[in-house]
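So that we are looking at the same thing, I have put the structure below in structure tokens.
No lab work stands behind these numbers, since they all come straight from the coordinates. Just so it is clear, the structure is predicted and the values come from calculations on it, not from any experiment. Cβ coordinates were reconstructed from backbone atoms using ideal geometry, including for glycine residues, and neighbour counts include every protein chain displayed.
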Amino acid sequence: MDHFDIRDGVMHAEGVSLETLAAEVGTPFYCYSTATIERHYRVFADAVAGLGDGNPLVAFAVKANPNLSVLATLARMGAGADVVSGGELARALAAGVPANRIVFSGVGKQPHEMAAGIDAGILQFNVESEAEIGMLAAVAATRGVRVDMAIRVNPAVNPGTHAKISTGGQDSKFGIPIERCHAAFVTAAGHASLNPIGVAAHIGSQLTDLSPIESCIGRLGELAAGLRAAGHPVDRIDVGGGLGVPYRADQPAPPEPAVYAAMVARATKGWNCRLMFEPGRMIVGNAGVMVAGVILVKEGTTKTFVVTDAGMNDLLRPSLYGAWHDIRALRPVAGRMTATVVGPVCESGDTFADDREMEPVGAGDRIAFMTAGAYGATMASTYNSRPLVPEVMVSGDRWAIVSERNQPAAMLALDALAPWL
Ligand code: LLP
């Protein structure tokens, strides 16, 4: 479900023509639909509302889309935030997410980032190693506070997703191997500055099958039961994010939030604790598109290349994961073409789609890469000294640039000539 439709022959984001935006902002750019973000958050939050102790926390995974306006939209709806760096923490706070709804995850938090979280008064740290327990205890002690933390478990569950976005397998850097988690919790409880209060897991992203999540939750439950039996309070269980979104119409759609929630309800029945969720992609994935211009169409020996003014530096997912994004014309015309859609970056991997059957487009036309709201602009870079792609947000018939395109002169100004040159 999204709010990108063809009206009067032109793709609109809610009430705003993407052609108008392209003329005003220039291409490429990302465009987000407020109504879609709000709807997805509402559907997810409503689905999990009664679970656990009846006070679940939905902490949006900021990494999926850290744009300030996106975060502020979610903060107004009551979302919390799952952050993995001092930068994400600062963004979540600036967007108005209350500190007591912020969870700090990540395998390599640095002391200054821990201190920033503690000073802000965040809800909890999800600790990913025995070494980190000692680090967090030391930082908390220097601040004179006792911080709430959960042990992030590596449950050794294969989520059955792309290897690069799988985080719960035995060889993964994430979490503490489950067989050591009880001992880690006890170690944490031995630090006066730590208050271990929960267990957490996140096994991977773009999951389309719920059974790995269900087995992961089962393992968290066994761990929690063992800890409780040993007299440790386990009041919070964080089941992570990971629910997939539909990228392709010709593939089965991932489970709906209501189906996911029913599974969680079943798997956590009688646990009597606060449940925490960290959805990212499913909130914002379908809420964004990347609009690009077609520079030219080039006939190769065996392929027709559509060369766009967006490159892999603007939308990395296809080159990094072989990810599929539907590509649509902003002004669709009758017929089909088969084209390999590429960017201008000097890498063969700068390919968005290979021999894709799509709506016919030619030089000067504009296209939209669909389902680009999650892990899109945030993974952009300035490779090939290209300006960072701007972001636009639409709400009804209003729109605003919510992240500017940085200019070549500004990028150059960050460099300095070494004094000997
Ligand atoms: N919680 C933790 C601890 C995570 O590491 C992640 C994602 C999430 C929550 C949110 O997962 P989601 O609900 O969005 O699946 N760049 C990749 C995705 C990397 C996901 C990393 N962790 C992509 O473009 O597919």
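For the chain, give the share of DSSP beta bridges that are antiparallel, in percent and rounded to the nearest 5; count only bridges with both residues there.
50 percent
May I ask for the angle, rounded to the nearest 10°, between helix 130-143 and the longest principal axis of the chain, with both axes built from Cα atoms and the value confined to 0 to 90°?
Result, in degrees: 80.
Provide the gained length on full extension for the span V10 to E130, in nm with one decimal, where the gain is 0.36 nm per separating residue minus the Cα-Cα distance.
37.7 nm
How many angstrom separate the Cα center of the stretch 375-421 from the Cα center of the stretch 84-109?
23 Å
Once you charge only the Cβ atoms, +1 for Lys and Arg and -1 for Asp and Glu, what is the size of the charge dipole of the stretch 175-329 about its Cα centre, to the nearest 20 debye? Walk me through the numbers on the way to the answer.
Numbers: 13 positive and 13 negative charges, 39 e Å.
Around 180 debye, computed over the stretch 175-329.
In whole Å, how far is the Cα centre of the stretch 124-162 from that of the stretch 265-303?
Between the Cα centres of the stretch 124-162 and the stretch 265-303 lies a distance of 26 Å.
If you don't mind, there's one more thing I want to ask. Return the distance in nm (one decimal) between the two label points of a simple spin-label model at A225 and E179, each offset 7 Å from Cα along Cα→Cβ.
That separation, rounded to one decimal, is 2.0 nm.
Something else: Show that you can apply the helix-only estimate: for the chain, add -39,500 (n - 2.57) for every DSSP H stretch of four or more residues, divide by all residues, and state [θ] at 222 nm to the nearest 500.
So the helix-based figure for the chain works out to -8500 deg cm²/dmol.
Could I ask something else about it? What list of ³J(HN,Hα) couplings, whole Hz, do you get for the stretch 318-325 from phi and the Karplus terms 6.51, -1.76, 1.60, once you set θ to phi - 60° and write x for glycine and proline?
Working through the residues one at a time gives x, 6, 7, 10, x, 6, 9, 10 Hz.
In percent, how large is the relative contact order of the chain, given Cα pairs closer than 8 Å and 6 or more residues apart?
Working: 968 pairs, mean separation 80.7, N = 421.
Rounded, it is 19 percent for the chain.
Just to check I understand the Karplus step: with θ = phi - 60° and J = 6.51 cos²θ - 1.76 cosθ + 1.60, what whole-Hz values come out for the stretch 392-404, glycine and proline as x?
Coupling constants for the stretch 392-404: 10, 10, 10, 9, x, 9, 9, 8, 8, 6, 10, 7, 6 Hz.
Quick check: the angle from helix 34-48's long axis to the longest principal axis of the chain, C-alpha only, nearest 10 degrees?
30 degrees
What is the extension gain from A90 to H232, computed as 0.36 nm multiplied by their sequence separation minus the C-alpha to C-alpha distance, in nm to one decimal?
47.9 nm
Using the basic label-point model (7 angstrom from Cα toward the beta carbon), what is the T382 to Q407 distance in nanometres?
Going from the T382 label point to the Q407 one covers 1.4 nm.
Extending each Cα 7 Å along its Cβ direction at A416 and H112, get the distance between those two points in nm, one decimal.
1.7 nm
For A310, what residues show an amide H to amide H distance below 5 Å, using hydrogens built from the backbone and excluding near sequence neighbours?
G293
What does DSSP give for the stretch 1-92 in terms of the percent of beta bridges that are antiparallel, rounded to the nearest 5?
Close to 65 percent.
If you don't mind, there's one more thing I want to ask. Please label the shape of the stretch 34-284 as rounded, prolate or oblate, based on the square roots a ≥ b ≥ c of the eigenvalues of the alpha-carbon gyration tensor (a/c under 1.5 means rounded; beyond that, a/b larger than b/c means prolate, else oblate).
oblate
Hey, can you grab everything whose amide H is under 5 Å from the amide H of T340? Only 5+ residues off in sequence or another chain; H modelled, so Pro and N-termini drop out.
So T340 has HN proximity to T304, F305, V306, D355, R356.
Here is a follow-up. How large is ³J(HN,Hα) for each residue in the stretch 379-386, as worked out from phi by the Karplus curve 6.51 cos²θ - 1.76 cosθ + 1.60 (θ = phi - 60°), to whole Hz, x for Gly and Pro?
With coefficients 6.51, -1.76 and 1.60, one gets 9, 6, 9, 9, 3, 6, 6, 9 Hz.
Now for a different question. So what is the relative contact order of the stretch 34-284, in percent, for Cα pairs below 8 Å that sit 6 or more residues apart?
22 percent
Where in the stretch 320-363 is the amide nitrogen less than 18 Å from a point lying 7 Å along the Cα-to-Cβ axis of A253?
326
Now for a different question. Please give the helix 111-120 orientation as an angle from the longest Cα principal axis of the chain, in degrees from 0 to 90, rounded to the nearest 10.
Helix 111-120 and the main axis of the chain meet at about 80 degrees.
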